[in-house]
Amino acid sequence: MSMNEIIKALGDVDEAFINEAEQILPRNINRKFLLPFVASLVIVAGVVFCQIHFNGFMQTVPSDNSIEDCDMLESYDITENYGKLKTEVAEVISENKIVMRFLSSNEVFEEYDEIIVNFVEDHYFSTGDRVRFKFEDFYELGGEYFEIGN
Amino acid sequence: MNDLDIIELYFKRDENAIEETKKSYDKKLVKLANNILRNTSDSEESVSDTYLSAWNSIPPQKPKYLFAYLSKICRCVCFDMLDYKNAQKRSAEIVALSDELLMCIPSRDENNSEGKELTKALERFLLSLEKESRVIFMRRYWFCESVRDIAKKFNFTESKVKTSLFRTRGKLKRFLESEGIYI
């Protein structure tokens, strides 16, 4: 029996082996595209994470609000399903913590007259500044940035 | 058209079966034939013979994997053609393949084994391999693909393919010895 007969004998193996070998190994996706693909995934995941946990790092409360020009602070950009609540700064506790007093009512907040708000970054408010505040902000970020006070 | 539909055409003796087979597998079969024969016209002739053989054998045969079935025929036709055209001198590729496999054959002994016995042993050997090694081995020695083509197809480096083949040949040698198969 010659060496070629090994190759010939291999030719008679079960067709399942041939079928298997004919398929591309599933894990071998083209590596040229693997790195950009993974990098894109990481970037997208990072953006989504930031949007969820920091209320969109590109849309946080303006950090340079002076006492003079922050009388109407734009609310965060989430949805507007619940409308907006008008509040004013009742008390400044620190540069990132204020007590907001509700000027308009909302069924969700009707039991509260005031809430304590913790901002992630320092902001400069003074008592009487009016802050437009959306319910979604509170609801979505309550555990992260806001505290409720009576 | 999927494999089952094509096989159904064969069973109905519908000549479109061959056309549909060509549409699905002609390119792959010509590539396989060319891997063995290294000659385009011979490869095309072998593939035509393959279709004829498939037409004559289905039915009664009802292949589970149509391409595997066709390629098995095609491979056989190609080796027969090689034998016919050049009984003493193999094509360069087959010589190369034989040389590679030479090292995994136990030393000559009085015992001989029949082809079928050897095939069964090879099947047991293939089953003992990990999938990746098995696929690379089959690609090289069944489909007669070059190391470069295998590496390209699976996005491996050529050295990885060579290493895998080297180790698999070593395992084959030990396996054949353990099976008492000597050439």
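The values are calculated or read from the model by the stated rules, or taken from the named source; none is laboratory data. Note that this is a predicted model, so its numbers are computed, not measured. With ideal geometry, Cβ positions are generated from the backbone for all residues, glycine too; neighbour counts draw on all protein chains shown.
Structural remarks
- The set of residues in the stretch B:46-75 that are within 12 Å of B:Phe11 (Cα to Cα) and assigned to a helix (DSSP H, G or I) comprises B:Ala54, B:Trp55, B:Asn56, B:Ser57.
Each row is one residue, and each column tells you yes or no for (1) at pLDDT below 80; (2) at the interface with another protein chain (Cβ under 8 Å from one of its Cβ atoms); (3) surrounded by 12 or more Cβ atoms within 10 Å (Cβ to Cβ).
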residue: A:Met1; (1), (2), (3): yes, yes, yes
residue: A:Lys8; (1), (2), (3): yes, yes, yes
residue: A:Arg27; (1), (2), (3): yes, no, no
residue: A:Arg31; (1), (2), (3): yes, yes, no
residue: A:Ser40; (1), (2), (3): no, no, no
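- Selection status of A:Ile93, modelled with pLDDT of 75 or more and in a strand (DSSP E or B): yes
- Answer residue from the stretch B:25-72, given it is more than 12 Å from chain A (Cβ to nearest Cβ) and aliphatic (A, V, I, L, M) and is surrounded by the most Cβ atoms within 10 Å (Cβ to Cβ) among those: B:Ala33
- The set of residues in the stretch B:121-140 being of a type outside the set (A, V, I, L, M) and within 15 Å of the chain's Cα centre (by Cα) consists of B:Glu123, B:Arg134, B:Phe137, B:Arg139, B:Arg140.
- Flag if B:Glu117 is assigned to a helix (DSSP H, G or I), surrounded by fewer than 19 Cβ atoms within 10 Å (Cβ to Cβ) and touching a Leu at 6+ places or on another chain (Cβ under 9 Å): no
- Among the residues making up the stretch B:170-183, a single one is under 11 Å from B:Ser133 (Cβ atoms) and either surrounded by 19 or more Cβ atoms within 10 Å (Cβ to Cβ) or aromatic (Phe, Trp, Tyr) (or both): B:Leu172.
- In the set (1) surrounded by fewer than 17 Cβ atoms within 10 Å (Cβ to Cβ); (2) under 18 Å from B:Asp5 (Cβ atoms), the condition left unmet by B:Thr21 is number (1).
- Count - residues of the stretch B:152-183 that are more than 10 Å from chain A (Cβ to nearest Cβ) and of a type in the set (A, V, I, L, M): 2
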